[in-house]
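Below: one structure, written as structure tokens.
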């Protein structure tokens, strides 16, 4: 039995008044009671968490665990542990592995591998097309039965619109949705960064905002036409978030997530740093205006979730001249701090509850119905809890990470607001 | 002489005085050469590597001749037979190997923007000189172009320089826009709209889509080659169509001001961006540019490798 003592509680919807003790028995939350009101027997492990905030275990619906086929970058074991230490109780593993997760057997592989390791719970995602070739639908039904929670071509857009349309219809009655990585494939060929001031001045090929917008609008049109849900991941431009806002106002079933890096880093970092590939990511870092638009969208409830798009690489794949380096930012073990720290400047604009939903009930709504409870903290629920300390100040230090990644844009930075404890099905990670 | 720059990436952090220093030293070297080599500065005991990962004729040979004039040892990096190409050795291991052998400068050309900055991050004791990084910068070209115009007109203040052609892909355009403007010139760009960056305003230049109109105002007509090797999609339908719209022909040149000059960084594609007769005419400074290149690169090696005298 575990007791989390003296915490404030965010239950997935709102911050409860007062302070509480949370008693965990086995894998379940036994009680949430006003602090001091529970009689505790012996042998209970007590954590004194004065004034810190207990939330439903954070959920990250977009992480790359690289297994199978990319184990030198990360594997399910290191990734799950990294997630837990980053404050996440649940992660969804992206299917663009090698081989891709395009069959029920491979979904089972990811699920079973996740069950064998310590750390966050790993939920598999499946690809939309066999081999990620963009032509034939995967056996979605069988994959769902093996535990796949969403389907995506992530890493790429779903190029063929007929395939996207077919998949959206097919999954409509299966309770899972398609996650789209929004890009026009031809407008984004060979790009390195955002198309704008930096690409103009420094001669790097840029991805125009229209690339993201075109795919987002395509998804919205289909969602409307089919009355089927679609989730758009890592939205990075003001144009795309505006389109999603407008679609939501019309009642279209579109949801979206944003990454910590698109909320905090702008394209200026690239020339400033002498073209350091730690800032090379896809979609690319955009402008300050885009960053503000994303935060405003969070304030207005247009953004449903924050997802890291944790993209670990081996050092030798990033420590190259900018144009040769791989795209991706690793952030599982500092993402929450990056967001909490950046939120501080916008505290008046965004109430804490709204922000915390983006890590909890928000992402849980993108998952199938049966996983909805993961986004809420209540008595009798599974003991997935993330405790955060808004005032804790600490430096990001990649060398202490459980992830295999050893590069992150925030390394060495002092951030305020950290997860201090994560409980995953009753197991504590400090 | 105190030279305040450690590496040469681009001219964006250069002052006008820095540029003028290079012009002055280049001129002194030019005069020393004319008097049979007397008074040429010597940069004893230094070694430089021409690290060319992208093709080049002018720049590489120019740097080699410049170095030899000053007594600097030159290693020409043999790309195709290197351990990097054949045995899977990484770029940084290659660099550290060269550094351990005691080279003093690496002149790097590559198709990757930011490659010189990468080298500078990896190397502690070696000066890095950018001979062209992707479409980003070609500072030595800009300096030799400024020198050529300085010798021709006595200066660039209030001169109108027209840069025409494949601007989006051009490191020469980018460095020259910075350099010419720093020396007081006004820069106008021209070319097909899809070869000009969408947001060219960031350059601080004027865009004139009508080439003849732009030619009429210009003191300098600076032409650029279409860099087909960098394009991955169809941008112009044919060389002929490009020539009709944006080629500098004899007729077009007739509309320019008397005394206007034509420049090109080379290599030229005769009949595309420039008519043969124009390239070979008296108004063309193309070969003067090449001559200037040796002097300016010698001046830079002198300044960066710490020669005295």
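Expressed in nm², what is the orientationally averaged projection area of the convex hull enclosing the Cα positions of segment A:360-404? Intermediate results must be reported in sequence, preceding the final value.
On the way: hull surface 21.0 nm².
Taking the Cα atoms of segment A:360-404, their convex hull projects to 5.3 nm² on average.
Axis angle, to the nearest 10 degrees, between helix A:161-172 and the longest C-alpha principal axis of chain A: 20 degrees. Please give the residues of segment A:116-141, grouped as numeric ranges, whose backbone N is less than 20 Å from a label point set 7 Å along the Cα-to-Cβ vector of residue A:400. Counting backbone N atoms under 20 Å from the label point, the list is A:119-120.
Could the peptides A:263-276, B:29-42 be put in order, highest first, of the mean number of other beta-carbon atoms found within 10 Å of their residues?
Values: A:263-276: 19.7, B:29-42: 13.9.
Ranking the peptides A:263-276, B:29-42 by packing returns A:263-276, B:29-42.
From its DSSP helices (H runs of at least four residues, each -39,500 (n - 2.57)), the protein assembly as shown gives a residue-normalised ellipticity at 222 nm of -9500 deg cm²/dmol.
State, to one decimal in nm², a quarter of the convex hull surface area for the C-alpha atoms of segment A:65-149, i.e. the direction-averaged projected area.
On the way: hull surface 19.7 nm².
If you wrap the Cα atoms of segment A:65-149 in a convex hull and average its projections, you get 4.9 nm².
Computed over chain A with a Gaussian network model linking Cα atoms closer than 10 Å, the most mobile of A:289, A:153, A:67 is A:289.
Note the full-extension length gain between residue A:273 and residue A:35 as 0.36 nm times their separation in residues minus their Cα-Cα distance, in nm to one decimal. Before the final figure, lay out each step's value.
Values: separation 238, 0.36 × 238 = 85.68 nm, distance 4.88 nm.
This chain segment gains 80.8 nm when fully extended.
Tell me, what is the Rg over Rh of segment A:114-156, with Rh the Kirkwood radius over Cα pairs? Display every interim value, and only then the final one.
On the way: Rg = 11.9 Å, Rh = 11.3 Å.
Rg/Rh for segment A:114-156 comes to 1.05.
Label separation (residue A:48 vs residue A:392): 1.6 nm, computed from points 7 Å beyond Cα along the C-beta direction. To the nearest Å, what is the center-to-center distance of segment B:1-37 and segment A:67-115, using C-alpha atoms only? First find each Cα centre; the distance between them is then 57 Å.
Axis of helix B:16-34 versus longest Cα principal axis of chain B: the two differ by about 80°, to the nearest ten degrees.
With 5 Å bins from zero, work out the P(r) of segment A:1-74 over every alpha carbon pair and list the percent per bin. The distribution over segment A:1-74 is 3, 14, 21, 19, 11, 7, 9, 9, 5, 2, 0, given as percents. In terms of Cα atoms, the Rg and Dmax of segment A:150-201 work out to 14.7, 49 Å. Ordering B:240, B:304, A:313 from the fewest to the most neighbouring beta carbons within 10 Å gives B:240, B:304, A:313.
Shielding value for B:117-128 is 2, the average number of Cβ atoms from other chains within 10 Å of each residue's Cβ.
Counting DSSP beta bridges in the protein assembly as shown, what percent are antiparallel, to the nearest 5? Write out the running numbers ahead of the final one.
Numbers: 29 of 91 bridges.
Antiparallel bridges: around 30 percent, rounded to the nearest 5.
Looking only at A:350, A:230, A:385, which one moves most when chain A is put into a Gaussian network model with springs between Cα atoms under 10 Å? Ranking A:350, A:230, A:385 by mean-square fluctuation puts A:350 first.
The convex hull built on the alpha-carbon positions of segment A:1-141 has an orientation-averaged projected area of 10.5 nm². In segment B:65-126, the C-alpha radius of gyration followed by the widest Cα-Cα span (Dmax) gives 12.4, 35 angstrom.
Mind checking B:132-141 for the average number of partner chain beta-carbons within 10 Å of each residue's beta-carbon?
Numbers: counts 0, 6, 8, 5, 8, 3, 0, 0, 0, 0.
Mean shielding by partner chains, rounded to a whole number: 3.
Comparing B:87, B:46, B:124 in a Gaussian network model of chain B, where Cα atoms under 10 Å apart are tied by springs, the biggest mean-square fluctuation is seen for B:87. Listed by Cβ neighbour count within 10 Å, with the fewest neighbours leading, A:397, A:290, A:184 appear as A:397, A:184, A:290. For segment B:29-116, the ratio of Cα radius of gyration to the globular rule of thumb 2.2 N^0.38 Å stands at 1.24. Taking the alpha carbon gyration tensor of chain B, multiplying each eigenvalue by 5 and rooting it gives semi-axes of 33, 23, 17 Å, largest first. The shape of segment A:258-363 can be summarised by an equivalent ellipsoid whose semi-axes, obtained from the alpha carbon gyration tensor, come to 27, 15, 10 Å from longest to shortest.
State the percent of C-alpha pairs, over all pairs in segment B:181-309, separated by a distance greater than 20 angstrom. Could you put the intermediate results ahead of the total?
On the way: 4368 of 8256 pairs.
Of the Cα pairs, 53 percent sit more than 20 Å apart.
A viscosity of 1.567 mPa s and a temperature of 4 °C, combined with the Kirkwood radius over C-alpha pairs in the Stokes-Einstein formula, give segment A:221-284 a diffusion coefficient of 96 µm²/s.
Relative contact order for segment B:178-250: 28 percent, from Cα pairs under 8 Å spaced at least 6 residues apart, divided by residue count.
Measuring how big the protein assembly as shown is from its alpha-carbon positions, Rg and Dmax come out at 30.1, 101 Å.
Antiparallel as a % of all DSSP beta bridges within chain B, to the nearest 5? Walk me through the numbers on the way to the answer.
Working: 1 of 33 bridges.
Rounded to the nearest five, the antiparallel share is 5 percent.
For the pair residue A:133 and residue A:13, label points projected 7 Å from Cα toward Cβ lie 4.9 nm apart. The value of relative contact order for chain B, using C-alpha pairs under 8 Å at least six residues apart, is 22 percent.
Over chain A, calculate the relative contact order: mean separation of alpha carbon pairs under 8 Å at least 6 apart, over the residue count, as a percent.
Details: 1068 pairs, mean separation 85.1, N = 430.
It comes to 20 percent, rounded to a whole number.
The gain in end-to-end length when the residue B:201 to residue B:3 segment is fully stretched comes to 68.0 nm, 0.36 nm per residue minus the alpha carbon separation. Equivalent-ellipsoid semi-axes for segment A:65-206 (Cα gyration tensor, √(5λ), whole Å, largest first): 28, 22, 12. What the Kirkwood sum gives for segment B:74-201 is a hydrodynamic radius of 16.7 Å, with every pair of different alpha carbons counted.
Counting Cβ atoms of other protein chains within 10 Å of each residue's Cβ and taking the mean over peptide B:103-116 gives 4. Shown for A:238, B:151, B:228: other C-beta atoms within 10 Å of each C-beta, ranked fewest to most, produce the order B:228, B:151, A:238. Only Cα sites of segment B:175-216 enter the Debye sum here, all with the same form factor; the resulting log10 I(q)/I(0) across q = 0.20 1/Å is -0.64, listed in q order. Between helix B:58-69 and chain B, what is the angle of the helix's C-alpha long axis to the longest principal axis, kept within 0 to 90° and rounded to the nearest 10? Helix B:58-69 and the main axis of chain B meet at about 40 degrees. With the Kirkwood sum run over all distinct C-alpha pairs, segment A:266-318 has a hydrodynamic radius of 13.0 Å.
None of the figures in this text is laboratory data; all of them are computed from the coordinates on show. The model shown is predicted, which means the values in this text are computed figures rather than measured ones. All Cβ positions, glycine included, derive from the backbone under ideal geometry; neighbour counts span all protein chains shown.
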